[in-house]
Amino acid sequence: MEIMRLVVAGTVGAGKSTFIRTVSEIEVVDTDRLATDETAEIKHKTTVAMDFGRLTFGPDMALHIYGTPGQQRFDFMWDILIRKAHAFILLVAAHRPHEFRYARRILSYLNRRVKIPYIIGITHMDCEGAWSSENIKLALGFVDSKSQPPVVILNADDRDTVVQAIIELVQYYMSMR
Amino acid sequence: MAITGSLSEFSLPEIFQFLDQGQKTGILTIRDPQDVKTGKPFLRHIWLMNGRVVAAGDRLDNRGLARLIEQRGWITEANRQEVERLIQENVPLGLNLKSLGILQPDQLKLLFSVQVLRQVCSLFQVETGQFRFEANINLPKAEMTGLSLPATETTLMGLRSLKDWQVLQSKLPDPNSTLFKLTADQPHLRLDASETQVWQLGNGSMHLKKMAEHLQMSVPKIQQIAFRLIVVGLVEEVPDIDMGMANNSDDTLSVDGDTSGQLVSSSARTEVSNSFLQSLVGFLQHKV
């Protein structure tokens, strides 16, 4: 079986679990539990280990999608997920500027651990107080337009935009090979 | 489109970093209906041009700088009319006054220090309040001395003089994090001795706790210095891994406390073939 592994990372409540549920062909294996830290203010349940979804497109070909834990700490689970990943998408909620710094920390962490292609997925663009994608890129530290990853705007509940984001990520992966 | 938010969520150093890196031009307004310390309404405007702070004040009537000049007795009856005329011109007032010999360069520097540096630096103490940044406005030339300072440099100055870090406590880097320099070149900003020491150790080799031990400083002090270096864009914080449960897993890496920057070998993942990728894209395109 040939498998490509994608990781969906991102800030709390950016839509990581929803992203995977929206596109997976199987019932997503989730490890959501009642949130116990500051996450509880945003959502009642959060992913404590990982989410897992799958798309099979041939007798021996499959795409595996893993979601990182949502709480603000980097534990061994991050390492397990990222070490085998071929590419990742970082989801950022446009209407939560106070999370941009954490998103930046995730990026720093992942980019220091692995050198794999990634794209930025911006969610909640339709919410009040949402920042523009240009300003979000800046807040994430992308100053030089020549060295920026692709940015996609998506709705984690909407299958078409999620699939488009995955296509973008896979094509970016192909272009970086 | 204006950018708005709460200072408790997006701190002033982060705003300044954003405005500086984006080379933004516009007006930043900080407003608090009831300041925690004074109990009075609080309002400040900061004008920026290409990411540099050019003026600050608490009024929008174009009289702030003129008032400061008048308070120092530098407007006389002989030049009053001339000054009034220059306020209406579309040139920074300070530059006009200098070219006419009404003000000297040193006087302009003093005005900039009082009008901008003192006011902006005090803003780092503000605990609550809302901010609003509006781009693409006409800058008030009557409020401008003609001098300017990059927003991040203003941050560096402001944070150095900050006594109470409670406001920024949640923003400070984790003591278990490591730092990485963002450029191999010497910093473009003039750092003080302790900042230089921390910057030099920004190679991912030790976390902040160890750095504090090494430099014989307290951990909070190191966190504050690291935060300064982060928000002026000289280093980045790389979080460490909490390996608390790692021993229970069969599939773990041998990562100790100081190696958050270690690159995972690409041999950990198997490559996928071109035909696989093309099939995948084709499959996904049919799903849209």
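Here are the numbers for the structure shown:
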quantity: Residue count, the stretch B:203-232 (criterion: part of a loop (DSSP other than H, G, I, E, B) and either more than 19 Å from the chain's Cα centre (by Cα) or among the acidic types (Asp, Glu) (or both)); calculated: 3
quantity: Top-ranked residue of the stretch B:6-46 - restricted to ones that are of a type in the set (Asp, Glu) and modelled with pLDDT of 90 or more, ranked as farthest from A:Glu99 (Cα to Cα); calculated: B:Asp20
quantity: Residues that are among the polar types (S, T, N, Q) and at pLDDT 90 or above, drawn from the stretch B:167-192; calculated: B:Gln169, B:Asn176, B:Ser177, B:Thr178
quantity: Test: residue in the stretch B:130-144 that is basic (Lys, Arg), touching a residue at least 40 places away in the same chain (Cβ under 8 Å) and touching a Pro at 6+ places or on another chain (Cβ under 8 Å); calculated: yes
quantity: Candidate set from the stretch B:118-129 (those that are hydrophobic (A, V, I, L, M, F, W, C) and not in a helix (DSSP H, G or I)); member that is modelled with the lowest pLDDT; calculated: B:Val126
quantity: Exclusive hit being in contact with a Lys or Arg (Cβ under 7 Å, 6 or more places away or on another chain), within 12 Å of chain B (Cβ to nearest Cβ) and of a type in the set (D, E, K, R), set A:Lys137, A:Lys115, A:Lys84; calculated: A:Lys84
quantity: A:Tyr118 in contact with a Pro (Cβ under 8 Å, 6 or more places away or on another chain) and not acidic (Asp, Glu); calculated: yes
quantity: Verdict on B:Lys40 being within 30 Å of B:Gln130 (Cα to Cα) and assigned by TED's automatic domain parsing to the domain that holds B:Leu147; calculated: yes
quantity: Output for the stretch B:268-280, where each listed residue is surrounded by fewer than 16 Cβ atoms within 10 Å (Cβ to Cβ), assigned to a helix (DSSP H, G or I) and within 7 Å of chain A (Cβ to nearest Cβ); calculated: B:Ala268, B:Ser279
quantity: Those residues of the stretch B:159-182 which are among the charged types (D, E, K, R) and either within 24 Å of B:Leu7 (Cβ to Cβ) or touching a Phe, Trp or Tyr at 6+ places or on another chain (Cβ under 6 Å) (or both), in sequence order; calculated: B:Arg160, B:Lys163, B:Asp164, B:Lys171, B:Asp174
quantity: Selection count where residues are within 19 Å of B:Ser122 (Cα to Cα) and among the hydroxyl-bearing types (Ser, Thr, Tyr), scope the stretch B:135-183; calculated: 5
quantity: Conditions (1) assigned by TED's automatic domain parsing to the domain that holds B:Leu7; (2) of a type in the set (A, V, I, L, M); (3) farther than 18 Å from B:Val235 by Cα; (4) assigned to a helix (DSSP H, G or I); number of the one not met by B:Leu156; calculated: (3)
quantity: Segments classed as helices (runs of 4 or more DSSP H), wholly inside the stretch A:66-159, with at least 3 members that are buried (at least 22 other Cβ atoms within 10 Å of the Cβ); calculated: A:76-83, A:100-113
quantity: Residue list for the stretch B:1-53, restricted to those being assigned to a helix (DSSP H, G or I) and more than 14 Å from chain A (Cβ to nearest Cβ); calculated: none
quantity: Of all residues making up the stretch A:52-65, the number that are assigned to a loop (DSSP other than H, G, I, E, B) and within 11 Å of chain B (Cβ to nearest Cβ); calculated: 1
quantity: Sole exception among (1) assigned to a helix (DSSP H, G or I); (2) surrounded by 13 or more Cβ atoms within 10 Å (Cβ to Cβ) for B:Arg132, by number; calculated: (1)
quantity: Residue within the stretch A:121-138 that is within 20 Å of B:Asp20 (Cα to Cα), of a type in the set (Val, Ile, Thr) and in contact (Cβ under 8 Å) with a residue 40 or more places away in the chain present; calculated: yes
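Residue-by-condition table, conditions (1) farther than 28 Å from B:Asn176 by Cβ; (2) more than 10 Å from every other protein chain (Cβ to nearest Cβ); (3) over 14 Å from the mean Cα position of the chain (by Cα):
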site: A:His98; (1), (2), (3): no, no, yes
site: A:Arg105; (1), (2), (3): no, no, no
site: A:Gln148; (1), (2), (3): yes, yes, yes
site: A:Val170; (1), (2), (3): yes, no, no
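Results for (1) within 27 Å of A:Ser147 (Cβ to Cβ); (2) modelled with pLDDT of 95 or more; (3) touching a His at 6+ places or on another chain (Cβ under 7 Å), shown as yes or no for each residue.
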{"site": "B:Leu147", "(1), (2), (3)": "no, yes, no"}
{"site": "B:Trp165", "(1), (2), (3)": "no, no, no"}
{"site": "B:Ser194", "(1), (2), (3)": "no, yes, no"}
{"site": "B:Met206", "(1), (2), (3)": "no, no, yes"}
{"site": "B:Lys210", "(1), (2), (3)": "no, yes, no"}
{"site": "B:Ser218", "(1), (2), (3)": "no, yes, no"}
{"site": "B:Ile225", "(1), (2), (3)": "no, yes, no"}
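The values are calculated or read from the model by the stated rules, or taken from the named source; none is laboratory data. Given the structure is predicted, the values throughout are model-derived calculations rather than measurements. Virtual Cβ from ideal backbone geometry, glycine too; neighbours counted across all protein chains shown.
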